[in-house]
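Here the structure comes first, spelled out in structure tokens, and everything after it is commentary.
The values are calculated or read from the model by the stated rules, or taken from the named source; none is laboratory data. Please read all numbers here as calculations on a predicted model, not as lab measurements. Glycine also receives a Cβ, built like all others from the backbone with ideal geometry; neighbour counts cover every protein chain displayed. Remember, those area values only see protein heavy atoms, side chains included, never the ligands or the DNA or RNA. Shrake-Rupley method; radii C 1.70, N 1.55, O 1.52, S 1.80 Å.
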Amino acid sequence: MTPAMSDAERLLDVDDLRVSFRTEEGVVHAVDGVSFHVDRGEVLAIVGESGSGKTVTGMSLMGLNRSPNATFRGRATLKGRELLSASDAELRRVRGGEIAMIFQDPMTALNPVQRIGDQIVEQIRAHEPLSKAQALDRSVELMERVGVPRAAERLRSYPHEFSGGMRQRVMIAMALSCSPELLIADEPTTALDVTIQAQILRELDQLRRETQAGVILVTHDLGVVAEIADRIAVMYGGRIVEQGTLDELFYDPQHPYTWGLLGSITRVDRDRPGRLPAIAGLPPSLLAPPSGCHFRPRCPHEFDKCVQRPELEVRDPAQPDHCDRCWLAVEDKRRLRVVDGEIGLAAKQGKVVA
Amino acid sequence: MAIDPATPDTTGTGAIREAGGDVPAAVGPDGRPAAGIGPYRLGLRRLRRNKVALAFGALFLVIVVLCLAAPLYADHVAHTGPNDNHVTEQVTVRGEQKDVVSPAGLPIGPTWQGRFLLGADQNGRDLAVRLLYGGRNSLQVGFVATLITMVLATIVGICAGYFRGAVDGVLARILDLIWAYPVVLLGIALGTSLALGGITIGPLELSGNSLYVPAAIIGIVYIPYVAKPIRGQVLGLREKEFVDAARVQGASSLHIMSREILPNVASTLIVFLPLMVANAILLEAALSYLGAGIQPPNPSWGTMISDGIRLIPSAIHLTFVPGAMLVLAVLGINVFGDGVRDALDPRARVRISAAREEKISDEAMEATVEH
Amino acid sequence: MARFVVRRLLSMVLVLFAISILTFLIFQAIPNGDPAVRMAGRLATPEQIAQIRQSWGFDDPIWQQYLTTMGKIFSGDVVSYTQQLNVLDQIKQALPATLSLSIGAGIIWLFFGVLFGLISAIKAGRFTDRALTVLALVGVSTPVFLLGAVALYFLAFKLTIFPNGGYVPLTDDPVDWLYHLILPWCVLSVLFIGVYSRVLRSNVLDTMSEDYVRTARAKGISERRVMVRHVLRNSMIPIISLWSLDFAAVIGGGAILTESVFNLQGVGQYAADSIQQLDVPPVLVVVMLGAFAVVILSALTDVIFAFLDPRIRLTG
């Protein structure tokens, strides 16, 4: 990794992270050599479909998926402190304190039989020597900050008395309660209505500006990413297949899988096609992934070189932060990615757009 | 899990929670159905790997075979029947003449030879012969009761879940009613009143000491424990697309219930089957012990234990022998049943967190891509 | 909330009514033969039978028979014709023994069931878990009367550590009361411990994979706190409702086998003895009252739960 920024700015550094799980069927390589970094006040989006390893990556940073069946390799350092090999006690200080996480489904992520206030207070008091009353006061502030009306009163409610959007706000308030330096948001808006989604994203955006926390936004939805991400890493089959700034990814995507993702975004500014062109085929089995490029079986532009493993490399010297894992030449890519005048992925069996 | 004869509600709910109304299809590590392998093949493969469950299943099978061979043993080894008295006789044990039943009324203990292998009871009957014949009765009652429970519960559960409305209302209330009775109390109530007079249902007439009376009682008592989870599962299944598809194609209700719904609840039934056999055998023993089950002189493990307990402490073997056999048989089928459940329900095993986490986003992904 | 309580109590009344009819049918109408003969017992004279037929109204229309039977049961003038004793008096006399047995055993089985289930879940898949699973399966595979008999043989006859059955009222001698009850408590508990530990194990494992437990871990609280405050607390809710149902069932006649093995002279044993003598009236009354007790206690449980669980409170 090139240390492009000074250490004061660099928050998280992940280098060649590999996570595998032993299962009944064999070893699943959920994350297969992932490297990225997050700076203060920056939003890194990790985008990919299910089974791409994006959630596992986020969980691994907090040690939430540690189990006797799991193996972790590589390095992940937060301000120079190693996370993957941290002891349980060290990890406890990190969890909720330095790194906080917002989960996908606010309906199930809160304990149904505990009052909202107690759940926030529990987190605050795990990290700071405050009395219950002090912690409650802080909870009220937090709830007001994330836009929950009548906060003091609502702290005594149970999760089922809240709407989905309100619960997600509670989750965010909880995550922010100990001023974390890194916030991992795992599909924070997937389970919410479209209108609420936008509000929540705006709030996240505002909060990272105020607190200068780094944010990892894990999502399958490029539309969400466009709103607040600074940089994007696209994951497929346990690997990052393309990484770059928001503009680079949206306007000059290099990997065919990214084209496919971009082609299937719903856009308000254009007529909706009869049916969104989904990428044909299924994600690879992580038990026995294809050799070489993992996207090869679904890629219409596959050629003989694809059986070799492509590395995540800078392909265009003009864009030093933009790298991808595809053997195609840059000029071929720029030609092949245009389908019907838009960026997209051609059908595998159809004629390749020439 | 076994349902204790003494405590219906417990195990009812417990068993159902454990056995689950919902046995999912085989799931691969990525949360998708494992390609190419049906859930039953996969279950069988898991079961085959579970040596403990197989060993206990084999134990149960051996006991069943032994009990079926009871007449052979009686005729060719022991040379006596299950109800033949030998109170006044003597038997030669290692060259020594011994009373089968001592003048004080104490029966002989195990001789470890052909005649009176395991000793005699207070009536001078060969304990080993009675043990095997008793086992035949206990097992027969257990199997017949289970058959009654499974068949009726499947019909009731599927009909209630499928038709809903008034049919469901009536059936579900009846199930609730049986459910509200403590199992043993209902068994006793039926047992005491039927054992005296027998019962006539249309052309079918059962006398009080017929084996089918306790079998029918036990079978009926356990119906709600199977029918309720089946009903719940069917309520969910009938909303599924494949049922709609069949209905649109003009399939009759009977066809949909038997061809579309039944196969989908089959795994639940399979999980319940060994469980219910074990519970039926236990309840038979409890009812027989109380005198409301199999009627003397018919032997059964329960009646034999009941007879034996009266002679504690002087002739403990009269309790131990049938007791051990009963526990071994029930334990065998319980451990095997536990293995079957684990094999068909992967959730019961140690979970792999990654599979679950990715599965959630999987569904979210599908939802967005499809629309 | 109030609506939930009213609805639950109303359905309880309906179930009670249905149960009383079913019980009546089972005893008086379904079986073959003359109900008066069955009621009279084995040693009855024709005059007695005629008198019973007249007093129970067996020649009346069936609905009237039902009313007569219910009236007799609840006014407390059912008499055992074999023993010439009032049934309700006998039940009242036997009740303290049954309550002592059920309450003590209920505490023991809840405690150990939860303890073993929790250990089993935490050690899931390892040796301790397997050993506890086998023990639990042995527990649920052993009939309680057999276990009681074996325990009596070894601990009362061979080693004489414990008394050979019998019941001493608490008010007579608390120490002796305890001494006589320890063995029955343990024996009755074994099976429930087996069941509860298995149920709790699977509840705990299910709860551990809940999202909110992951949230709790992500907060940075100690693993112990995660287990107690989040996992155990949520896993215990179904266990407690199971417990109250079982407890009701044990009081309502479920302890019949234990009582008779240990000669505790409780309600269950009274019923068991009556069955042995084919003395129907006590069995009828015990079954009817036992089933009523179970239904009423389980309705009360539901109502109490509605107060405890915030989710039911709102949606119910």
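For the pair B:VAL167 and C:ILE182, label points projected 7 Å from Cα toward Cβ lie 5.8 nm apart.
Computed on the Cα atoms alone, the convex hull of segment A:112-178 gives a volume of 71 cubic angstrom per residue. Entry comment: accessible area of segment C:95-308 is 35 Å² per residue, from protein heavy atoms only and a probe of 1.4 Å.
A:ARG22 exposes around 130 Å² of accessible area when a 1.4 Å probe is run over every protein chain in place. Taking every C-alpha pair closer than 8 Å and separated by at least 6 residues, the mean separation divided by the residue count of segment A:112-178 gives a relative contact order of 47 percent.
In the context of the full protein assembly, C:LYS158 retains an accessible surface of approximately 130 Å², using a probe radius of 1.4 Å and ignoring ligands and nucleic acids.
A simple spin-label model places pseudo-atoms 7 Å from Cα toward Cβ; at A:ARG22 and B:LEU54 they are separated by 2.1 nm.
Counting only protein heavy atoms and using a 1.4 Å probe, what share of the accessible area of chain A belongs to carbon plus sulfur, as a whole percent? The C+S portion of the solvent-accessible surface of chain A is 49 percent. FRET efficiency for the pair C:LEU9 and A:ASP321, taken as 1/(1 + (r/R0)^6) with r the Cβ-Cβ distance and R0 = 51 Å, rounds to 0.15. Solvent-accessible area lost on pairing B with A (1.4 Å probe, both sides summed) amounts to about 2100 Å².
The overall shape of segment A:149-225 is oblate: from the C-alpha gyration tensor, with semi-axes ordered a ≥ b ≥ c, the ratio a/c is 1.5 or greater and a/b is no larger than b/c. With only Cα atoms counted, segment B:128-311 has Rg and Dmax values of 18.8, 68 Å.
Taking all protein chains as shown and a probe of 1.4 angstrom, A:ARG315 keeps an accessible surface of around 50 Å². How would you classify chain A from its alpha-carbon gyration tensor, with a ≥ b ≥ c the square roots of the eigenvalues: rounded for a/c under 1.5, else prolate if a/b is greater than b/c, otherwise oblate? Here chain A falls in the prolate category. Once R0 is set to 22 Å, what does the formula 1/(1 + (r/R0)^6) return for the Cβ-Cβ distance between C:SER222 and C:ILE119, expressed as a FRET efficiency to the nearest 0.05? According to the calculation, E is roughly 0.75. Placing C:ILE193, C:ILE62, B:ILE218 in order of accessible area, with the largest value first and a 1.4 Å probe, yields C:ILE62, C:ILE193, B:ILE218. Would you mind getting me the FRET efficiency between A:SER85 and A:ALA133? Use the beta-carbon distance for r and R0 = 41 Å, nearest 0.05. Computed FRET efficiency for A:SER85 and A:ALA133: 0.60. Bridges between two residues of the protein assembly as shown, per DSSP, are antiparallel at a rate of about 70%.
Counting only lysines at least 8 places from C:LYS92 when in the same chain, those with an alpha carbon closer than 18 Å to its own are C:LYS72.
Sorting B:65-77, A:210-222, C:104-116 by their mean Cβ neighbour count within 10 Å, with the most densely packed peptide first, gives A:210-222, C:104-116, B:65-77. Surface composition of segment C:156-197: carbon and sulfur atoms hold 67% of the protein heavy-atom accessible area at a 1.4 Å probe.
Buried surface between chains C and B: roughly 5400 Å² of accessible area, summed over both sides, computed with a 1.4 Å probe on protein heavy atoms only.
Approximating the spin labels as points 7 Å out from Cα along Cα→Cβ, the A:GLU141-to-C:THR160 distance works out to 7.5 nm. Sorted largest first by accessible area at a 1.4 angstrom probe radius, with every protein chain in place, the residues C:LYS92, C:LYS123, A:LYS54 fall in the order C:LYS92, C:LYS123, A:LYS54.
Compute the convex hull volume of the Cα atoms of chain C, divide it by the residue count, and report the result per residue in Å³ as a whole number.
On the way: hull volume 55.8 nm³, N = 316.
Spread over its residues, the Cα hull of chain C gives 177 Å³ apiece.
Between the Cα long axis of helix A:164-176 and the first principal axis of chain A there is an angle of about 80°, rounded to the nearest 10. Ranked from largest to smallest solvent-accessible area, with a 1.4 Å probe on the protein heavy atoms, C:HIS230, A:HIS37, A:HIS160 come out as A:HIS160, A:HIS37, C:HIS230.
Over segment C:2-75, the Kirkwood radius and the radius of gyration, each from Cα atoms, give a ratio Rg/Rh of 1.14. Straight-line cross-link reach from A:LYS305 at under 18 Å between alpha-carbon atoms covers these lysines, not counting any fewer than eight positions away in the same chain: A:LYS333, A:LYS348. The orientation-averaged projected area of the convex hull spanned by the Cα atoms of the protein assembly as shown comes to 50.9 nm². In terms of its C-alpha gyration tensor, segment B:147-191 comes out oblate, because a/c is 1.5 or above while a/b does not outweigh b/c. Show which lysines lie in cross-link reach of A:LYS54 when reach means a straight Cα distance below 23 angstrom and same-chain residues fewer than eight apart are skipped. Of all the lysines, those that pass the test against A:LYS54 - Cα under 23 Å, at least 8 places apart if same chain - are A:LYS79, B:LYS359, C:LYS219. Per residue, chain A exposes 41 Å² of solvent-accessible protein surface, assessed with a 1.4 angstrom probe and all protein chains in place.
All distinct Cα pairs of segment C:185-226 go into the 1/r average, and the inverse of that average, the Kirkwood radius, is 12.1 Å. Computed from protein heavy atoms with a 1.4 Å probe, the total accessible area buried between A and C is close to 2100 Å².
The C-alpha atoms of chain A define a longest principal axis, and helix A:194-211 lies at about 70 degrees to it.
Once the Cα atoms are used to define both axes, helix C:233-249 deviates from the longest principal axis of chain C by about 10 degrees.
For segment A:21-72, dividing the convex hull volume of the Cα atoms by the residue count gives 89 Å³ per residue. In segment B:98-224, Rg over Rh equals 1.19, where Rg is the alpha-carbon radius of gyration and Rh the Kirkwood radius from pairwise Cα distances.
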